[in-house]
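K.L.:
Sharing a structure here in structure tokens format.
The values are calculated or read from the model by the stated rules, or taken from the named source; none is laboratory data. Every value quoted in this text rests on a predicted model; they were computed, and no experiment measured them. So basically every Cβ, Gly included, is an ideal-geometry build from the backbone, and we count neighbours across all protein chains shown. Note: areas computed on protein heavy atoms with side chains; ligands, DNA, RNA excluded. Shrake-Rupley method; radii C 1.70, N 1.55, O 1.52, S 1.80 Å.
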Amino acid sequence: MTVTANGLAELKKLAGSDLGSSDWIEVTQDRIDTFADATGDHQWIHVDPERAAAGPFGAPIAHGYLTLSLFIPLFTELLDVRGVTTKVNYGLNKVRFPSPVKAGSRIRLTGRLTEVEDVPGGVQIAVDGTIEIEGGAKPAAVLQSLSRFYA
């Protein structure tokens with residue numbers, strides 16, 4: 001279920017709130033290959049299923065930065081801020097990749113809105129996020145993302 005804030009004043013009131021979890025999405029080999037083409041990172045652990053099956057992970061794995069890039073579409077399922085003119089990804093404070101995402105796995109995002117602070121013309125939020133792997137003992141990624149919303 002998406003949390004909705006109608007304007008910056010409502011967004012500020014959500015500081016400290018759990019945002020819940022997104023739906024699960026599959027990380028397909030096709031998505032991994034497309035990311036490899038976009039970034040030029042064609043390392044065999046990502047794009048060679050036969051070789052990767054005999055490798056350290058037993059299957060091809062998603063690039064860590066592919067997993068990280070999926071934060072944005074997953075995050076849009078958690079929080080909808082209305083009544084703003086601009087939404088900007090401001091950066092990250094920390095990122096770790098505790099477990100690889102094997103091709104065909106499903107992931108989702110769980111988030112908590114930890115901070116909302118004023119910036120000129122808007123607010124900046126910090127979200128602690130965990131990208132979980134369905135059935136996995138460890139998450140694929142843990143991170144703190146910063147976004148800005150302008151009135």
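K.L.:
Taking the condition of being within 17 Å of the chain's Cα centre (by Cα) and either more than 29 Å from P60 (Cα to Cα) or open to solvent by less than 40 Å² (accessible area, probe 1.4 Å) (or both), how many residues in the stretch 111-135 meet it?
P.N.:
So the count comes out to 10.
K.L.:
Can you tell me which residue is farthest from A5 (Cα to Cα) among those in the stretch 81-91 that are open to solvent by 80 Å² or more (accessible area, probe 1.4 Å) and out of contact with any Phe, Trp or Tyr (no Cβ under 8 Å at 6 or more places or on another chain)?
P.N.:
Y90
K.L.:
Does the stretch 31-49 contain any residue that is modelled with pLDDT of 95 or more, of a type outside the set (G, A, S), surrounded by fewer than 17 Cβ atoms within 10 Å (Cβ to Cβ) and within 20 Å of S145 (Cα to Cα)?
P.N.:
no
K.L.:
OK, next. Can you confirm whether the stretch 8-20 contains a residue that is touching a residue at least 12 places away in the same chain (Cβ under 8 Å), open to solvent by 60 Å² or more (accessible area, probe 1.4 Å) and part of a strand (DSSP E or B)?
P.N.:
Yes, some residue in the stretch 8-20 is touching a residue at least 12 places away in the same chain (Cβ under 8 Å), open to solvent by 60 Å² or more (accessible area, probe 1.4 Å) and part of a strand (DSSP E or B).
K.L.:
Here is a further query. Could you grab me the full set of residues in the stretch 54-80 that are open to solvent by 40 Å² or more (accessible area, probe 1.4 Å), in a loop (DSSP other than H, G, I, E, B) and touching an Asp or Glu at 6+ places or on another chain (Cβ under 9 Å)?
P.N.:
E77
K.L.:
Step by step: first the residues of the stretch 53-82, then only those that are without any contact (Cβ under 8 Å) to a residue 24 or more places away in the chain and more than 13 Å from the chain's Cα centre (by Cα), then the one that is nearest to P100 (Cα to Cα). Which residue is that?
P.N.:
Ranking the candidates gives P56 first.
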